[in-house]
Amino acid sequence: MSLSSPVEKRSAQRGTAPAERTAPLLRAAILGTGGVAHLHAAALRSLSGVELVAAADPSAEHLAAFAEAHAVPFRYTTLEELLAAQPIDVLHVCTPPGGHADQSIAAFAAGAHVVVEKPAALSLTALDTMTRAAGAAGRGLAVVFQQRSGTAAAHVKALLDSGALGRPLSALCQTHWYRTAEYFAVPWRGTWATEGGGTTLSHGSHQIDLLAYLLGEWSAVHATMWRQQHDVETEDLSHGSLVFASGAVASVVSTVLAPRESSLLRIDTERATIELEHLYGHGHAHWRITPAPGVDEETSASWDLPEQEIPSGHDALFAEIHPSLIAGRGMPGLVAHPARALEIITGMYVSAREGRWVSRADLTDPALRGGLAAPVIDGRPGTPAGPPAG
Ligand SMILES: NC(=O)c1ccc[n+]([C@@H]2O[C@H](COP(=O)([O-])OP(=O)(O)OC[C@H]3O[C@@H](n4cnc5c(N)ncnc54)[C@H](O)[C@@H]3O)[C@@H](O)[C@H]2O)c1
């Protein structure tokens, strides 16, 4: 394999295998220095062997505040300037969604791995292009779905995968978040062209991704999109039914209209009920596993969460990704299936558009992979198109 990344070249120059070298092993940069970038920088700081060497943002104000807060040595206005000036091993893409695809592709071309914020792209077509570019460059692509991370999700996934809990039958996947009009005043939010989708994509995707991480491949989805309150183009509420390849059926609700916010998963299997209630991240206390009648105590005790606890979050996610890159193993299994949540959500928008069940196989049609826009039923009083009659 050619030595195309800075970490591999430095390793070769020193004549050491990546795992044997000392810091700094991985040169990271952050593109986009707004809200979420601060979580990335804080998480990177907690990792040994990783150095945040550069950041870029056309907003001088954001960039200066960010670089000061996180002691970033090199600052640029554009990604092109950054990539021309700095050899980078991994680029963290923290910009609005519309730029993610082109920015990731430019980073791959420069030999960097990419950790891109959700949503990875505005369409499956764009994500396909990113995945192909990563493959062509021999680099890895990770989408930030940090709720997969932490010891509880790993434990529950292992229990489900082992068959210990029996067949999953029924699930709830609910994102009840609250966002004000000020939140949507940011120019890129609330439109199909710039945000890509509404609350299903921007907020619900975390729980949808976590449910699919736990239950595996999906097979079909049916959904309706609603605008109940906000003056936006996209939906602020969606309801869906999601069927998994295992046969499990999930009811999926995503909304930004919930004054008491909560994120909720529930999976009923043949032998147990798994419940998770949290908001933006989970630790062990947020999970509960209740055995079905007839399961003996010794068995249900063996399902207890482990004593060692790592909560979910950007820290926990990057603690899996970056050491794996440093060791030369590429992206870890934790970030496998980067497109799955976007596939399910694309299926939901297609379903709302065409008023039918959409199967995973349907989405091989390029015409359905190209975008997310769907008609939204306006449920606001006095709006011309109210909810369907009858
Ligand atoms: N994983 C999570 O929990 C989580 C949380 C919040 C946001 N996000 C995602 O992170 C992304 C950014 O969200 P945010 O809330 O930080 O947005 P933001 O608007 O606060 O910040 C975006 C930053 O990107 C900069 N930017 C815009 N175009 C750029 C370009 N071409 N090159 C470089 N910088 C550019 C802007 O100036 C701004 O500083 C979105 O995709 C969002 O969905 C994820």
When you look at Ile310, is it modelled with pLDDT of 95 or more, among the β-branched types (Val, Ile, Thr), over 22 Å from Ala181 (Cβ atoms) and out of contact with any Leu (no Cβ under 9 Å at 6 or more places or on another chain), yes or no?
yes
Looking only at the range 187-213, and only at residues there that are touching a Gly at 6+ places or on another chain (Cβ under 9 Å) and assigned to a loop (DSSP other than H, G, I, E, B), the one that is nearest to the ligand (Cβ to nearest atom)
Trp188
Please work out which residue is surrounded by the fewest Cβ atoms within 10 Å (Cβ to Cβ), limiting yourself to the range 170-185 and to residues that are part of a strand (DSSP E or B) and of a type in the set (Gly, Ala, Ser).
Ser170
Ala223 passes all but one of the listed conditions (1) outside any helix (DSSP H, G or I); (2) open to solvent by 10 Å² or more (accessible area, probe 1.4 Å); the exception is number (2)
Taking the range 344-360 and keeping residues closer than 17 Å to Leu127 by Cα and open to solvent by 30 Å² or more (accessible area, probe 1.4 Å) leaves Arg360
Kindly establish whether Glu277 is in contact (Cβ under 8 Å) with a residue 24 or more places away in the chain, among the acidic types (Asp, Glu) and open to solvent by 30 Å² or more (accessible area, probe 1.4 Å).
no
With (1) touching a residue at least 40 places away in the same chain (Cβ under 8 Å); (2) assigned to a helix (DSSP H, G or I) as the list, and Ala121 as the residue in question, which single condition is left unmet?
(2)
For the range 134-167, name all the residues that are open to solvent by 20 Å² or more (accessible area, probe 1.4 Å) and farther than 25 Å from Gly313 by Cβ.
Gly135, Ala136, Ala137, Gly138, Ser162, Gly163, Ala164, Arg167
Among the residues of the range 240-254, write down those that are of a type in the set (S, T, N, Q), open to solvent by 10 Å² or more (accessible area, probe 1.4 Å) and within 29 Å of Gln229 (Cβ to Cβ).
Ser241, Ser251
Which condition number does Val376 fail, the rest of (1) surrounded by fewer than 14 Cβ atoms within 10 Å (Cβ to Cβ); (2) among the β-branched types (Val, Ile, Thr); (3) at pLDDT below 95 being met?
(1)
Write out, first by first residue and then by second, each pair whose Cβ atoms fall under 9 Å of each other, whose residues are 6+ apart or on separate chains, and whose first residue, in the range 31-48, is within 16 Å of Asp89 (Cβ to Cβ) and within 7 Å of the ligand (Cβ to nearest atom) while the second is in a helix (DSSP H, G or I) and aliphatic (A, V, I, L, M).
Leu31/Ala37; Leu31/Leu79; Leu31/Leu82; Leu31/Ala107
Leu201 vs. criteria in the same structural domain as Pro259 (by TED's automatic domain parsing) and open to solvent by 30 Å² or more (accessible area, probe 1.4 Å):
no
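In this structure, does His100 turn out to be within 15 Å of the ligand (Cβ to nearest atom), open to solvent by less than 10 Å² (accessible area, probe 1.4 Å) and assigned by TED's automatic domain parsing to the domain that holds His230? Please lay out each step first, then the result.
Values: within 15 Å of the ligand (Cβ to nearest atom): yes; open to solvent by less than 10 Å² (accessible area, probe 1.4 Å): yes; assigned by TED's automatic domain parsing to the domain that holds His230: no.
Judged against the criteria, His100 is not a match.
The values are calculated or read from the model by the stated rules, or taken from the named source; none is laboratory data. These numbers come from a predicted model, not from an experiment. Neighbour counts are summed over all protein chains in view; Cβ atoms, including those assigned to glycine, are modelled from backbone coordinates with ideal geometry. When the accessible area is computed, the model is the full protein with side chains, heavy atoms only, and any ligands, DNA or RNA have been set aside. Shrake-Rupley method; radii C 1.70, N 1.55, O 1.52, S 1.80 Å.
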